[in-house]
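S.K.: Input: one structure, supplied below.
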There are 2 protein chains.
Amino acid sequence: MATIKDVAKYCGVSAMTVSRALNNSTEISQETKERILKACQELGYKPNNAARSLITKKTKMVGLIIPDITNQYYANISKGVSSYIEALGYGLVLCNSDRKKTNEQGYLDFLTEGRCDGIIILPVNPQKEDYEQIAKITPMVMADNYAEGLDVSFISSDNYYGGTKIVEHLIKQGYRRIGIILGGERSTASNERFRAYKTVLKNNNIEFDENIVIYSNATFEEGFILAEKLLEKGVDCIFAINDTVAMGVIKYCYLKGIKISEDVGIAGYDNIEQSSMLPIPLTTVDQNGKLLGQMAAGLLMDQLNGETVKNKVITLEPKLVIRKSCREI
Amino acid sequence: MATIKDVAKYCGVSAMTVSRALNNSTEISQETKERILKACQELGYKPNNAARSLITKKTKMVGLIIPDITNQYYANISKGVSSYIEALGYGLVLCNSDRKKTNEQGYLDFLTEGRCDGIIILPVNPQKEDYEQIAKITPMVMADNYAEGLDVSFISSDNYYGGTKIVEHLIKQGYRRIGIILGGERSTASNERFRAYKTVLKNNNIEFDENIVIYSNATFEEGFILAEKLLEKGVDCIFAINDTVAMGVIKYCYLKGIKISEDVGIAGYDNIEQSSMLPIPLTTVDQNGKLLGQMAAGLLMDQLNGETVKNKVITLEPKLVIRKSCREI
């Protein structure tokens with residue numbers, strides 16, 4: 001493989017001149033630049049990113065930490081981030097925390113060893129202490145869940161609004177004993193939806209019962225398992241923290257011959273593609289993950305370009321999507 | 001942020017000794033090593049990956065190029081790759097080619113600028129010339145589709161076997177005019193399934209009709225559009241190149257009130273999670289994407305560890321999954 005010295009020798013210029021050509025410097029003529037770039041191509045010379053990183057202090061990489069790549073909502077966010085940054089010549093280091101705090105910490109260490117210029121994180125049960133050191137030295141954007149008091153930009157959809165809309169809809173359809181499967185106890189997205197749930201119940205004079213509130217790790221498998229627990233407690237409706245959990249609940253109902261919408265109403269959150277294609281399509285809330293990913297990337301890119309965007313908070317308005325998994329009145 | 005010099009000063013040793021401690025060298029005592037590592041932690045010193053890369057020539061990163069992150073089959077492969085390499089201290093640079101040759105080329109350029117130690121690629125319409133230069137200088141593993149004559153390791157499931165099993169099943173259920181939606185014309189996975197399709201038709205004395213064979217970009221949207229074209233040509237069954245395309249076909253049938261399995265049989269490929277949860281669950285072939293991803297990562301890691309695995313070819317046996325989208329006889 002050719003080195004920068006080979007290219008310099010071939011062109012009869014110094015290595016510094018080759019470097020200037022590669023960095024599109026204005027200190028050399030256009031003609032020389034083109035001659036050098038052509039030589040690089042002919043000789044198969046590729047500049048090394050590690051060497052360039054040391055000089056420019058830029059890796060041209062963005063780290064993205066998500067909870068679960070096989071959940072389509074997060075896949076959509078990843079696609080939004082990657083399409084945005086790639087158009088600007090950046091690559092994506094994708095890290096799948098599997099909703100585990102230890103994985104997340106490992107990735108943060110890994111990424112901040114000079115592997116990326118900035119980080120977008122969808123944190124797991126976040127607390128300020130987990131991120132404040134890193135946020136001081138690395139541009140960082142949080143999405144979906146935030147850590148109270150942390151000085152970073154944050155983007156999410158309005159979980160209180162989305163939670164309000166869907167629980168109001170469930171009550172309007174006549175459901176009165178609505179079980180809820182939440183995410184982790186420190187998930188702000190989950191907590192906001194829970195806050196909405198409690199407020200809407202109160203506004204409708206329905207007594208709150210903590211026996212039908214369950215925290216979870218937000219997976220398909222847990223939806224399947226927790227469906228049984230809630231149904232044993234006589235719920236007439238289950239509001240799941242996301243569509244993937246709701247699909248676990250639905251699978252349980254199939255197996256037990258429980259009629260969805262008649263015997264039990266089911267609602268999810270996210271509006272992933274398959275929620276519209278179920279035998280009884282799922283009532284849910286659309287968060288537009290791809291847009292959220294693009295906007296998170298935009299916030300980070302602004303920081304990388306030196307614009308002051310710290311502490312910028314963007315809240316997107318989600319949309320209620322009414323389908324047949326809850327009865328119609 | 002502390003530098004290596006700060007750590008050296010703090011410990012009363014040279015920067016070289018700190019570097020040796022960080023690289024777990026045997027040239028310094030265990031006691032000194034521990035003292036230095038503790039100091040790194042206390043002072044918040046982090047070794048820079050770019051600097052280390054230049055010395056060790058290792059980035060501890062693996063590049064993965066996939067066709068579509070929002071397709072769950074590829075998400076499963078990504079998860080398999082990342083879980084395998086992360087256990088070995090490597091990170092994943094994820095690149096989503098969107099099945100576009102120009103994107104793929106851009107990523108290969110990007111990755112080979114010293115951004116990763118090796119590449120796993122699920123190539124788009126591959127040809128030897130597209131990869132042979134890169135394969136000479138960068139350890140590379142191909143998955144799913146291969147380029148004839150290229151000297152790299154390759155892993156896929158047995159597409160001829162999977163194609164044979166599913167088309168035999170369709171004929172056994174009484175379907176005679178089976179339309180087929182293929183992938184790209186140079187996709188070997190698609191071509192192998194097509195070869196199986198033609199052989200099974202011949203073995204069953206069914207005339208091959210090229211009018212009901214359509215190449216595609218293998219997306220949900222194309223499944224929806226091409227369903228109409230095939231149904232106009234009087235097919236009694238549609239075999240789609242993957243479950244995502246099959247779901248596009250199914251969505252078209254829903255909208256038009258066409259009865260799946262009675263009016264038209266539908267079969268897919270991949271066995272993604274939602275194919276079992278459709279109103280009429282999808283007959284398909286299970287490829288086990290996560291395992292395939294893990295094994296591809298294993299092949300690459302062997303190369304990175306200096307083992308001779310070039311040209312190793314692994315073929316996994318897929319499984320026919322019979323469900324109700326094709327009539328039962």
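S.K.: Ranked by accessible surface with a 1.4 Å probe, highest first, in what order do B:Arg115, B:Arg176, B:Arg20 come?
M.R.: B:Arg176, B:Arg20, B:Arg115
S.K.: Only Cα pairs within less than 10 Å get springs; with that Gaussian network setup on chain A, which residue of A:Ile137, A:Ile241, A:Ile66 has the largest fluctuation?
M.R.: Per the Cα network of chain A with a 10 Å cutoff, A:Ile137 tops the list.
S.K.: Taking amide H positions as placed in the peptide plane 1.01 Å from N, state which residues far from A:Ile266 in sequence (5 or more) or on other chains have amide H under 5 Å from it.
M.R.: Distant-sequence amide H within range of A:Ile266: A:Ile238, A:Ser261, A:Cys326.
S.K.: Over region B:4-47, average the accessible area per residue using a 1.4 Å probe and give it in Å², no decimals.
M.R.: Per residue, region B:4-47 has 64 Å² of solvent-accessible surface.
S.K.: Moving to a separate point now. Just want to confirm a number: the relative contact order over chain B, from Cα pairs under 8 angstrom separated by 6+ residues, in percent.
M.R.: 17 percent
S.K.: Taking chain B as a Gaussian network, where each spring joins two C-alpha atoms under 10 Å apart, which residue of B:Phe224, B:Phe154, B:Phe239 fluctuates the most?
M.R.: B:Phe224
S.K.: How far, in degrees from 0 to 90, does helix B:128-137 lean away from the longest principal axis of the Cα atoms of chain B, to the nearest 10?
M.R.: Helix B:128-137 sits roughly 20 degrees off the main axis of chain B.
S.K.: Pick from B:Thr102, B:Thr112, B:Thr284: which residue has the top mean-square fluctuation in a GNM of chain B where Cα pairs under 10 Å get a spring?
M.R.: Comparing B:Thr102, B:Thr112, B:Thr284 in the GNM, the peak value goes to B:Thr102.
S.K.: Also, I was wondering about something else. Sum up the charges of everything whose Cβ sits under 10 Å from the Cβ of A:Thr26, counting Lys and Arg as +1 and Asp and Glu as -1, but leave A:Thr26 out. The partial results should precede the final answer.
M.R.: Details: positive: A:Arg20, A:Lys33; negative: A:Glu27.
Charge balance near A:Thr26 sits at +1.
S.K.: Oh, and also: With Rg and the Kirkwood Rh both taken from Cα atoms, where does Rg over Rh land for chain A?
M.R.: Value, to two decimals: 1.13.
S.K.: If you take the beta carbon distance between A:Val313 and A:Gln133 as r and set R0 to 22 Å, what does 1/(1 + (r/R0)^6) give as a FRET efficiency, to the nearest 0.05?
M.R.: So the FRET efficiency works out to roughly 0.55.
S.K.: Taking chain A as the reference, fit the longest principal axis to its C-alpha atoms, fit the long axis of helix A:220-232 to the helix C-alpha atoms, and give the angle between the two in degrees, 0 to 90, nearest 10.
M.R.: Roughly 20 degrees between the two axes.
S.K.: Right, another one. Using a cut-off of 14 Å between beta-carbons, work out the net charge of the residues near B:Ala296 (Lys and Arg +1, Asp and Glu -1, B:Ala296 not included).
M.R.: So the surrounding residues net to +1.
S.K.: To continue, here is another question. With n ≥ 4 as the cut-off for DSSP H runs, can you work out [θ] at 222 nm for chain A, using -39500 (n - 2.57) per run divided by the number of residues, rounded to the nearest 500?
M.R.: -14000 deg cm²/dmol
S.K.: If you count only protein heavy atoms with a 1.4 Å probe, what accessible area per residue comes out for region A:159-287, rounded to a whole Å²? Each step should come with its number before you reach the end.
M.R.: Values: 5030 Å² over 129 residues.
Roughly 39 Å² per residue, with all protein chains present.
S.K.: Per residue, how big is the convex hull of region A:193-329 when only Cα atoms are used? Give it in Å³.
M.R.: 136 Å³
S.K.: Please report, largest first and rounded to whole Å, the three semi-axes of the ellipsoid equivalent to region B:88-220, where each semi-axis is the square root of five times an eigenvalue of the C-alpha gyration tensor.
M.R.: Equivalent-ellipsoid dimensions as semi-axes: 35, 14, 13 Å.
S.K.: Further question: With N residues in region A:74-124, what two-decimal value do you get for its Cα radius of gyration over 2.2 N^0.38 Å?
M.R.: Output field value: 1.16.
S.K.: OK, next. Give me the percent of accessible area attributable to carbon and sulfur for region B:212-329, probe 1.4 angstrom.
M.R.: 49 percent
S.K.: Can you give me the P(r) profile for the protein assembly as shown? Cα pairs, bins 10 angstrom wide beginning at 0, each as a whole percent.
M.R.: 3, 14, 22, 24, 20, 11, 5, 1, 0
S.K.: Quick one: Kirkwood hydrodynamic radius for region A:166-264, alpha-carbon pairs, angstrom, one decimal?
M.R.: Taking every pair of different Cα atoms in region A:166-264, averaging 1/r and inverting gives 13.4 Å.
S.K.: Taking the Cα centre of the protein assembly as shown as origin, work out the dipole magnitude from +1 charges on Lys and Arg Cβ and -1 charges on Asp and Glu Cβ, in debye rounded to 20.
M.R.: 640 debye
S.K.: If the viscosity is 0.692 mPa s and the temperature 37 °C, what translational diffusion coefficient in µm²/s does Stokes-Einstein give for region A:4-47 when Rh comes from Kirkwood over Cα pairs?
M.R.: 332 µm²/s
S.K.: Under a point-charge model restricted to the Cβ atoms of Lys and Arg (+1) and Asp and Glu (-1), what is the dipole moment magnitude of chain B relative to its Cα centre, in debye to the nearest 20?
M.R.: With Lys and Arg at +1 and Asp and Glu at -1, about 620 debye.
S.K.: In debye, nearest 20, what is the charge dipole magnitude of region A:1-155 about its Cα centre with +1 on Lys and Arg Cβ and -1 on Asp and Glu Cβ, if you could check?
M.R.: 720 debye
The values are calculated or read from the model by the stated rules, or taken from the named source; none is laboratory data. Values in this document were obtained by computation on a predicted structure and should not be read as measured data. All Cβ positions, glycine included, derive from the backbone under ideal geometry; neighbour counts span all protein chains shown. Ligands, DNA and RNA are excluded from the accessible area calculation, which covers all protein heavy atoms including side chains. Shrake-Rupley method; radii C 1.70, N 1.55, O 1.52, S 1.80 Å.
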